[in-house]
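One structure is given here, and the rest of the page talks about it.
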Amino acid sequence: MSRIAIFFLAVFALGLAFVIGFLGWLTIKANLLGWFLLLVGAAYLVGVVVVYWFRKERFWGPRAGGAILKEENDDRSFWLIVIGMIAAFFLSPLEYLFLPAILPRLLWMQITGLTLIVLGTTLFIWARRTLGKYYSGHVSVVEGQLLVQSGPYRFIRHPAYAGYFLMALGIAIGYSSLFGLAAVILLLLPVTIYRLRLEDKFLAEHFGAQFTDYAHRTKRLLPLVW
């Protein structure tokens with residue numbers, strides 16, 4: 001991963017985490033999702049400080065160690081995902097706070113959004129724990145890497161991205177945000193598809209027939225569909 005991408009994750013993203021937490025705090029009294037944004041902002045702040053600044057762990061790469069056999073050199077998919085996630089997570093509360101309501105702001109939409117967020121968060125944590133030391137924020141293949149096919153990876157090949165997508169969709173619905181929904185569908189979804197296709201390409205080149213067989217048995221993002 002490039003130095004500028006590492007700097008973004010270790011330093012600049014801390015500011016974004018503070019802002020998302022602050023937006024959550026501003027909306028807590030009027031919207032249930034404010035608690036989620038506040039917790040996300042606080043969790044990222046604390047996590048980065050503890051893991052990187054105190055424990056000196058490089059959380060953007062796999063903890064498995066080993067030589068990097070193949071990686072995305074220009075970090076293009078990383079920056080595209082960053083843009084998509086910022087738009088999906090920030091536009092919704094900003095619209096809720098500062099623009100007149102376009103979509104109806106109803107309690108059932110908050111509950112629906114919160115339900116999607118809980119499902120997405122659960123799926124992401126499950127995927128993260130299943131990958132264990134092979135989890136990485138950088139598209140790469142390292143020496144000795146295993147093709148994980150357990151946990152949520154039995155059903156889809158990219159459950160962590162599915163979790164992110166459910167969270168982003170839940171935020172847009174929960175805040176009744178038209179701009180948020182547009183960001184999720186028109187921006188986040190296409191860049192997510194680009195990144196997971198890239199990951200599939202790397203894994204296919206490294207694992208060969210093992211990955212081909214796995215890909216025949218699973219879908220990329222949505223079980224039984226795609």
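The values are calculated or read from the model by the stated rules, or taken from the named source; none is laboratory data. Every value quoted in this text rests on a predicted model; they were computed, and no experiment measured them. In this analysis, Cβ positions are derived from the backbone assuming ideal geometry, glycine residues included, and neighbour counts consider all displayed protein chains. Calculation scope for accessible area: heavy atoms of the full protein, side chains included, ligands and nucleic acids excluded. Shrake-Rupley method; radii C 1.70, N 1.55, O 1.52, S 1.80 Å.
Tabulated data
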read-out: Residue list for the range 136-169, filter: without any contact (Cβ under 8 Å) to a residue 40 or more places away in the chain and not small (Gly, Ala, Ser); value: LEU146, VAL148, PRO152, PRO159
read-out: Residues of the range 82-110 classified as assigned to a helix (DSSP H, G or I) and surrounded by 13 or more Cβ atoms within 10 Å (Cβ to Cβ), total; value: 18
read-out: Search result, residues across the range 71-81 that are surrounded by 15 or more Cβ atoms within 10 Å (Cβ to Cβ) and not in a loop (DSSP other than H, G, I, E, B); value: GLU71, SER77, PHE78, TRP79, LEU80, ILE81
read-out: Candidate set: the range 20-51, residues that are β-branched (Val, Ile, Thr), open to solvent by less than 60 Å² (accessible area, probe 1.4 Å) and assigned to a helix (DSSP H, G or I); chosen: the one nearest to PHE78 (Cα to Cα); value: VAL48
read-out: Single condition TYR175 does not satisfy, out of (1) in contact (Cβ under 8 Å) with a residue 40 or more places away in the chain; (2) open to solvent by 10 Å² or more (accessible area, probe 1.4 Å); value: (2)
read-out: Residue that is modelled with the lowest pLDDT [pool: residues in the range 72-110 that are among the small types (Gly, Ala, Ser) and closer than 13 Å to ILE20 by Cβ]; value: ALA88
read-out: Within the range 111-122, tally of residues that are within 13 Å of the chain's Cα centre (by Cα) and open to solvent by less than 70 Å² (accessible area, probe 1.4 Å); value: 3
read-out: Enumeration of residues in the range 100-117 that are in contact (Cβ under 8 Å) with a residue 40 or more places away in the chain and among the aliphatic types (A, V, I, L, M); value: ALA101, ILE102, LEU103, LEU106, MET109, ILE111, LEU114, LEU116, ILE117
read-out: Of residues in the range 123-146 being of a type in the set (A, V, I, L, M, F, W, C) and buried (at least 16 other Cβ atoms within 10 Å of the Cβ), the one farthest from the chain's Cα centre (by Cα); value: VAL142
read-out: Contacts under 7 angstrom Cβ, first residue in the range 214-226 being β-branched (Val, Ile, Thr), partner in a loop (DSSP other than H, G, I, E, B), 6 or more apart; value: THR218/PHE155; THR218/ARG157
read-out: Selected residue [under 26 Å from TYR96 (Cβ atoms), under 19 Å from the mean Cα position of the chain (by Cα) and modelled with pLDDT of 95 or more] from LEU14, LEU33; value: LEU33
read-out: Single condition ALA209 does not satisfy, out of (1) out of contact with any helix residue (DSSP H, G or I) (no Cβ under 8 Å at 6 or more places or on another chain); (2) open to solvent by less than 70 Å² (accessible area, probe 1.4 Å); (3) aliphatic (A, V, I, L, M); value: (2)
